[in-house]
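Here the structure is laid out as structure tokens; the discussion comes afterwards.
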Amino acid sequence: MRLLLKSFISLTLAVFAAASPPGLNKPPGHPGPWPPTVCNPNASGPHLQAQQQAAMEDFTDILFNQRDVQAAYDRWVPGQYINHSPWAEQGRQWAIDFLSPYYANPEHRISNVTVIGGKGYGVIHFALQIPGATIPDVTVAIYRFQGTCIVEHWDAWMPMSPEATNPIAYF
């Protein structure tokens, strides 16, 4: 009985550890505490891909779960920010000013989030329900890294058609 209880507790702890919020686990090769106060534009070496994945997870967690646009950009987009979105202006401050009201609104909902990072790029694929919209959009945001800092952004999005015939459309 004790062995069964110990096994159950160990398994439960392992599941909770695996389900911990993204960005909390220190990636291999990262010097100092994790997450860092600010990204490192000079990061390089054999663990850079893991560090970029961890950076994307932490950026996404701060932005989508904590809804703190300023903190996400202060940590991961501290300098130059090239934005290829058709209606956007250049620079991080424009992005912060544009995104902050959306994330401050609890009606702004994000779901079905997938985060990928490494080899100099990061991708976030997600569903976005904007307040007042009748159907959600599916969005892909692509970021380019310099070290572990986000320096460039592209995105593409489309409405999630309720008439889609593919049962696994979008996700």
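The values are calculated or read from the model by the stated rules, or taken from the named source; none is laboratory data. Source: prediction; values computed, not measured. Cβ: placed from backbone, ideal geometry, glycine included. Neighbour counts: every protein chain shown.
Structural remarks
- The set of residues in the stretch 53-72 being among the aromatic types (Phe, Trp, Tyr) and within 12 Å of residue 143 (Cβ to Cβ) consists of 59 alone.
- Index of the failed condition, residue 20 passing every other in (1) in a loop (DSSP other than H, G, I, E, B); (2) over 12 Å from the mean Cα position of the chain (by Cα); (3) modelled with pLDDT of 75 or more: (3)
- When the strands (runs of 3 or more DSSP E) confined to the stretch 61-171 are screened for residues that are in contact with a strand residue (DSSP E or B) (Cβ under 9 Å, 6 or more places away or on another chain) and among the polar types (S, T, N, Q), those reaching at least 2 such residues are found at 109-118, 137-146.
- Tally of residues being touching a residue at least 60 places away in the same chain (Cβ under 8 Å) and in contact with a Leu (Cβ under 8 Å, 6 or more places away or on another chain) across the stretch 119-170: 2
- Each residue in the stretch 100-129 was checked for being surrounded by 14 or more Cβ atoms within 10 Å (Cβ to Cβ), over 14 Å from the mean Cα position of the chain (by Cα) and hydrophobic (A, V, I, L, M, F, W, C), and 0 of them qualify.
- Residue in the stretch 56-70 that is surrounded by 18 or more Cβ atoms within 10 Å (Cβ to Cβ), in contact with a Phe, Trp or Tyr (Cβ under 9 Å, 6 or more places away or on another chain) and of a type in the set (Asp, Glu) present: yes
- Within the stretch 89-107, being of a type outside the set (Asp, Glu) and free of Cβ contacts under 8 Å to residues at least 24 places away in the same chain holds for 90, 91, 92, 93, 94, 98, 101, 106.
- Of all the numbered requirements in (1) out of contact with any Cys (no Cβ under 7 Å at 6 or more places or on another chain); (2) farther than 23 Å from residue 112 by Cα; (3) touching a residue at least 40 places away in the same chain (Cβ under 8 Å), residue 64 misses one, and that requirement is (2).
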